[in-house]
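Beneath this line is the structure, given in C-alpha cells, with notes to follow.
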C-alpha cells in the first residue's frame, strides 16, 4: 500500500469518527494528518514543530473560512502536543508553551456549537492572564480534512514519492499447513 492509500485511510477514519460523533478520534486523527502533510510538504525540515506550523501557516490557515488570531499555528501545535502526549487540550501543560507560544491562551477547549450558531471560534476572557480559546471541533476537523484532501490531490506525485513509512495495520491468517502469515498491505 502506498502513502496515498494510507492517507486516504486516515481521511476515511476522520469521516467515520465525525459521523459517529467520536470527536476525540476525529480531532487526534486531524492533528496527526497535519503532521503527515507537513512532513511531505517540508521533508528536509528536521524540527517537527517548524514543519507543522509551516504547513498550517502556508496551507491550512489561508483556507479557513473562519479565522481568529488565537487559532494560530503555534496554538494548534501545542494543542497537538497536549492531545497526543497527555490526552489533554490544555497547551499550558507543555513547558515550552510559556516560552515559545504565540497568542497565548489559558486553555484550548474543543467545543460542539449548535448548528445555528455561526461563530466557529470564540475567545473568552475569564479573568485570567490569558483568554480561553473555544473552537468548533466538527468545523476544525472538517476543514482539516477538506484542505488536506485538496492539498493531497494537488500534490499526488509529492505524496507518492515521499519517503514516509506511514502507519498501517498488518493482517494475518493461517495457511493450509497451519503456519501463520503476517502481511502489510
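Only the coordinates and a few stated rules stand behind these numbers; no lab work does. Source: prediction; values computed, not measured. Counting neighbours? That spans all protein chains shown, and the Cβs are built from the backbone with ideal geometry, glycine included.
What number, rounded to the nearest 500 deg cm²/dmol, is the helix-based mean residue ellipticity at 222 nm of the chain, given -39500 (n - 2.57) per DSSP H run of at least four residues and division by all its residues?
That calculation yields -15000 deg cm²/dmol at 222 nm.
Compute the helix-to-body angle for 137-154: its Cα long axis versus the longest principal axis of the chain, expressed 0 to 90° and rounded to tens.
With rounding to tens, the tilt is 50 degrees.
Does the range 28-90 come out rounded, prolate or oblate by the C-alpha gyration tensor, with a ≥ b ≥ c the root eigenvalues, rounded set by a/c under 1.5 and, if not, prolate when a/b is larger than b/c and oblate if not?
oblate
What do you get for the angle between helix 73-86 and the principal long axis of the chain? Use alpha-carbon atoms, 0 to 90 degrees, nearest ten.
60
For helix 23-41, what angle does its Cα long axis make with the longest principal axis of the chain, in degrees from 0 to 90 and rounded to 10?
80
Given an 8 Å cut-off on Cα distances and at least 6 residues of separation, report the relative contact order of the range 80-132 as a percent.
Numbers: 50 pairs, mean separation 15.2, N = 53.
About 29 percent, as a whole number.
Which entry is the computed Rg/Rh (Cα atoms, Kirkwood Rh) for this structure: (1) 1.37; (2) 0.98; (3) 1.03?
(3)
If contacts are Cα pairs under 8 angstrom and at least 6 residues apart, what is the relative contact order of the chain in percent?
Details: 235 pairs, mean separation 40.3, N = 185.
Relative contact order, the chain: 22 percent.
Between residue 99 and residue 24, what FRET efficiency comes out of the Förster formula 1/(1 + (r/R0)^6) with R0 = 35 Å and r the beta carbon distance, rounded to 0.05?
Approximately 0.80, to the nearest 0.05.
What whole number of Å gives the distance from the Cα centroid of the range 1-42 to the Cα centroid of the range 134-162?
8
To the nearest 0.05, what FRET efficiency results for residue 183 and residue 8 with a Förster distance of 22 Å applied to their C-beta separation?
Details: r = 19 Å, r/R0 = 0.88.
Taking R0 as 22 Å, the efficiency between residue 183 and residue 8 is 0.70.
Please report the relative contact order for the range 103-185, taking Cα pairs under 8 Å with a sequence separation of at least 6, and give it as a percent rounded to a whole number.
21
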